[in-house]
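The next block holds one structure in the form of structure tokens; read it before the comments.
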Amino acid sequence: MGEIKKYAIGLLVSNKSGVMTRITGLFTRRGYNIESITGCATEENEISRLTIILNGDEYTLYQLIKQLDKLEDVQKVGCANELDCVYRELALIKVCAPPEKRREVVEATEIYKAKVVDFSPETMILEITGEPTKIEAFIKVIGPYGILEMQRTGVTVLARGKHTLKDRDCYSDHIN
């Protein structure tokens, strides 16, 4: 078994009922966990774009890409190349913020370029966007104040420059 890494798989799929079930079913049948999944309609209403984050080795990744490519509703599939893509995620985090700790929470929020989007006498809801590593670092800093709830969107990925998933130039058809 090879080195376990985190991979982002990009898919263009038919925007219709049941497609997500068939895709996640493929992962289930193979016994692989999806770390995160995001999806929405694209600039073409009949096509949705999915980003699936998976932990595995290169062999696992290659096998999943081959199997996903065989599904009827999958139009394009590939593994995003970290050097050529922009990765972003959004998180909402509700923290304890009693009056004596508010200034510290706000200072941490400012350093990470996060926002306070809700404020109550004892709590704040913070919003942060950025690379997943930035989100993780912010969570570590804000954690000691007491995280009451948190929701993350999952990672979204787009290739830099003129390349798109449609032309697959920024995605590998095979693992090097």
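The values are calculated or read from the model by the stated rules, or taken from the named source; none is laboratory data. What you see is a predicted model; the values in this text were computed from it and never measured. All Cβ positions, even for glycine, are placed from backbone atoms using ideal geometry, and neighbour counts span all protein chains on display. Note: areas computed on protein heavy atoms with side chains; ligands, DNA, RNA excluded. Shrake-Rupley method; radii C 1.70, N 1.55, O 1.52, S 1.80 Å.
Think of each Lys and Arg Cβ as +1 and each Asp and Glu Cβ as -1; about the Cα centre, that makes the dipole of the range 1-74 roughly 260 debye. Taking R0 as 22 Å, what FRET efficiency do you get between S17 and T153 from their Cβ-Cβ distance, rounded to the nearest 0.05? The formula returns an efficiency of 0.50 here. Above 29 Å, the calculated P(r) of the range 31-176 contains 32 percent of its Cα-Cα pairs. When a 1.4 Å probe is rolled over the protein heavy atoms, the share of accessible surface on the chain that falls to carbon and sulfur comes to 51 percent.
Only helical runs count toward this figure. For the chain, summing -39,500 (n - 2.57) over DSSP H runs of n ≥ 4 and dividing by all residues gives -8000 deg cm²/dmol at 222 nm.
Once the Cβ-Cβ distance of N45 and E100 is raised to the sixth power relative to R0 = 45 Å, the FRET efficiency obtained is 0.30. Using only side-chain charges placed at the Cβ, +1 for Lys and Arg and -1 for Asp and Glu, the dipole size of the range 24-176 relative to its Cα centre rounds to 100 debye. So, for the range 1-69, what is the accessible surface per residue at a probe of 1.4 Å, expressed in square angstrom? Per-residue value: 54 Å². Were the residues from E107 through T133 laid out at 0.36 nm apart, the gain over their Cα-Cα distance would be 7.4 nm. The stretch between D118 and D57 holds 17.9 nm of extra length on full extension. This uses 0.36 nm per residue minus the Cα-Cα distance. When the chain is treated as a GNM with alpha-carbon contacts under 10 Å, the residue of I23, I111, I125 showing the greatest mean-square fluctuation is I111.
Of the residues I47, I147, I4, ranked by 1.4 Å probe accessible area with the largest first, the sequence reads I4, I147, I47. Would you check the accessible area of T133, probe 1.4 Å, heavy atoms only, in square angstrom rounded to 10? We get 100 Å² for T133.
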